[in-house]
Structure formats: structure tokens, C-alpha cells
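Just so it is clear, none of the values below were taken in a lab; they were calculated from the coordinates. Fair warning: this is a prediction, and the values are worked out from it, not measured in the lab. All Cβ positions, glycine included, derive from the backbone under ideal geometry; neighbour counts span all protein chains shown.
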Amino acid sequence: MSSKSRFVCFMGIARNSYYNIAGKIAPLAVSLITVPFYLKVIGLERYGVLSLCWLMLGYMGFLELGMGPALQQRIATLRKASGQERSDVFWTAFWLNLAMGVVGSAALYFVATLYFGLIAKVPTDLVREIKLSIPWLIAVVPVVLANGLLVGAMKGRERFAEVNLVSSASSVLMATLPLCAAFLFSPRLDLLIAMSLLARASAVVVQFLQVRKAIPLGPVQPPRRHMARSLLSFGGWVSATTLLTPLLASFDRLAIGSMLGAAAVSLYAIPYNLASRTTMLSASLGSALLPRFAAIDESLRDGLEREAIAVIATALTPLIIGVMLVIGPFLRFWIGEDLGARAEPIAIIFLVGWWANAFAVVALTRIQGSGRPDIVTKLLLAQVPFYFPALWVAMHWWGIAGAAVAWTLRAIVDPVALLAYNRQLRRAAPRLLQNGALVFAAAAASVLVEYHHPARWVLLVATLLLAFALSWLTAPARLVELRRPFVRRGQRQLSRCLAFLRLGSGPK
């Protein structure tokens, strides 16, 4: 591939990443606005139960059998194939997805009834609401699975702008519609979940119309056996990953709900969700990279992965440290002095984990894009026997903070474990260690130094300036090329301003 072709490829990935990031900005802003209102209108404990409901719904994603990522990968490889072939692949995935939606609804009914009835510590006044909510919750399952399939099809065609426009609007509706219903009518859980179902279903209808045009879809076809076998072969490993990922990433909240109660889940989930927003960069870049990794040769994947890791290191480290600098004051303003002070150290711990996880995202995306999702699953399976005991011990010793520490340590394990497998990650190890030292220094200053002590703020500002300097000095060549047109434009504007000032100050 020529230098010009590589730059065009990089620009295409950058453009799709921008679309992905833009699609997350509106939901982030709406979430920041609505969470305090949710806490005020429905209460801390009901908000915790609602978080647990969405958590269990996320677990049901494994029943998709990985059809969304499998369809994305398959359609990306069929970029130059006929529309009929892509249509046949879609309809095969659709029928498999529909069958598992029915199974998922039955499975969620059993899980939700068992958990809320026997395990979770739920206030007695919410028990009846939970029972009324379960039918609405299981109705959401096929809608969620259909959403994953349709998004996978659109991403396989690299229609990231359309995907993120609908996804952004849907997320805004899911955040605001239940809140409006709670404010105008009642804060009952069944009503909140019904409104969320309405928002999700509306998005699925619009996404189907998009897919119909993008593939383009032909008449409805029965599943093709050879295509189903290929999709299930790829999707089976992705499905196992889809089961293990939320199990490892979110089991802590189920454990907190059973050991410490629903209110503790809210205190844990709020900083977790807030810190997770920093993944916009890595998640957006990974989503844009997957179809490119699937479409190019193995010899070209190394350079693309190396550049992606360098971009994340350059952009994410100052961002994470900057968030550590402001998150304490923000939380105190956002959810109140008492809750904010208790949530701040939890959020700082999570920020360290999300920073480390970002580098694993690129490596794991490359592995999936090259058709080896089994490696991702095996890596997650290897963590299971260590993570659950560590989580229990940490929660027993330190409560909610211990659960955050256990989760963060598991997030750090991913890139460390991939060092042995991934050549590009090994080459980037010195840079990652430099950036990691700054992130850990900022986290230590935030957690160990008292909030009102001036030394805390001096250390955080100094660390942030060092992170900016390191990012500027080690910025990858592609980022330099990307920013060059903006620098030239700024220089031209500055020259015009100076010329105007010289003209205005000349002799009369």
C-alpha cells in the first residue's frame, strides 16, 4: 500500500472515529443532566434496582450468539461482493437472532425472578414494582438483540454517521422518556422500563430502514446452512466473549446488590458510569478499525494497529489526568457534597482501569478483525478463577472501594496479558509505561492527599502539564499529518490579523 493510500485509509478511520465520538456526546450530556433528577424523582434505591435490571439485560446479550460482530466482520469482507450475497448473509443472521431473542426472554424471566426474589437485598415496598416490571424487561430482550444485529450490519458497510445519529437519538430518548414519565405520572419501575422499551423499539425500526438501503436488502430469505455455519463459527466465540465481558465487568454490581444493598449499587454505579465515558476515544476508534482489520491483509494490520495504539497513548493520557483533576469538584456539584465526596475515590480508581483497558481494546479489535475471536474468549476465561475470589476478598475488606480496586486490577491484566501475544503492544511498552506512571501518580495524588490540601492540586496540575508535554513530543506521524491542515489554517488567519493590525496602525 502506497503512502497516499495509507493516509487515505487513516483519514477514513479518523472520520469514522469522529462520527462514533460525536454519537456519544449528546447521550453523555443528557446523562450528566438527568442522573441528579433521577436520584431526586425516583430515589437512590429505585435507581439502584433499575441499574440492576439493565445489568441483567446486558448479560442476555450473549444469547445474540455474536451475530452483530459476526455480521459486521462478514459484511466487511464482502465489500466488493454483490448486494444479493450480503442480503443473504443478513437474513441468515436475522433468523438466528430472532430465535435467540425468544430464548433470551425466557432466560431473563428466570434470572430476574430468582435474583430479585432470593438474592438481592431489595426494600419490601419495591417488591411489587419489580414483579410488574419483569414482563416489560423480558420484552426488551429481542429488541436489544435486533439492535445489535442491525448496528453490526451498518458498521460492516462503514455507515458510521447513520449508526451514530440513530444511536445518539435513541440514547437521549431512553434517558429522558422514563424520567418524564416518572415526573408526570409515577416513578414506578414498570412504567420506567416500558418507556425505555418504547425508545429502543423506535430506534430499531429506523435502523432496519437504514439497513434495507445500505446492504441493500432483497426479499426475505430462509437461512442458508453454509452461511449459518460460518456466522456461528465466528459468532460462537464472540458470544462467549459477550457473556464473559459483562460477567467480569459488571458482576461486581450484582455482588454489591446482594451483600450491601440497592443503595450501595447506586453509589458504585454512578462513578463507574461517569468514568466509563472516557472510553469514547478507544471504543470509537476500535469500532472504526474492526471492518478495516477484516478487509485488509495481515501484512498491513501491524502498521494500522501500531498507529492506533500511539494515537490512544497521545490523546487519552492527558484526558484521563484532566478528568482526575476536575472530577472531585464536579461530583460534589453534580450529586451533592456528601455523595460526591464518597463517590470521588471510586471514580478515580475506575479511571485508572479504563485508561489501561483502552490499549487492550485496539489489540483485541485487531484479533477479532483477523478472524480469531477465540483468543479473546480464552483470555477472559483465564481471568475467571482469579477475579471472583479477588472481588470477594476486596469487598470483604474495603467494601465498595474494594470492588472498584478488583475491577481495575482486572482491567490492567488485559493489556499486560496481551504483551506476550501482541508484537505491536510489546513495541509500545516503553511509551505505555511512561504514560502509566503519570496516570498512577495523578491517581495517588487524588486518593491519598486530602481534598482541600493545596499539595493535591499542585501535583495534579504538574502531572497534567507533563502529560501534555509527553503527548506533544511523542505524537505519531499520522496525528501530525492530521493536524497540519488546521495548523496551516490557523497560521493564515494569524497572518491576516497581523496584516490588518499593521494596516490600521500605519501613517494617516
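Between M259 and V205, the contour length at 0.36 nm per residue exceeds the alpha carbon distance by 15.4 nm. The string of couplings for the range 217-223 from the Karplus curve (6.51, -1.76, 1.60, θ = phi - 60°) is 7, x, x, 4, 10, x, x Hz, one whole number per residue in order, with x for Gly and Pro.
Of the chymotrypsin sites (Phe, Trp or Tyr not before Pro) found in the range 424-475, the ones in coil according to DSSP and having at most 15 other Cβ atoms within 10 Å of their Cβ are Y451. Here the 3J(HN,Hα) profile of the range 317-333, calculated from phi with Karplus coefficients 6.51, -1.76 and 1.60 at θ = phi - 60°, is 4, x, 4, 4, 5, x, 5, 4, 5, 9, 5, x, x, 5, 4, 5, 6 Hz, Gly and Pro shown as x.
Set the Förster distance to 35 Å, then compute FRET efficiency between W95 and L132 from the Cβ-Cβ distance, nearest 0.05. Each step should come with its number before you reach the end.
Numbers: r = 32 Å, r/R0 = 0.92.
So the FRET efficiency works out to roughly 0.60.
The loop-placed chymotrypsin sites (Phe, Trp or Tyr not before Pro) in the range 111-193, going by DSSP, that have at most 10 neighbouring Cβ atoms within 10 Å of their Cβ come out as F185.
At full extension, E337 and F388 could sit 15.1 nm farther apart than now, given 0.36 nm per residue minus the alpha carbon distance. Residue pairs exceeding 32 angstrom between C-alpha atoms, taken from K40/K131; K131/K155; K131/K213: K131/K155; K131/K213. Around the Cα centre of the range 42-238, unit charges on the Cβ atoms of Lys, Arg, Asp and Glu (plus for the first two, minus for the last two) sum to a dipole of about 600 debye.
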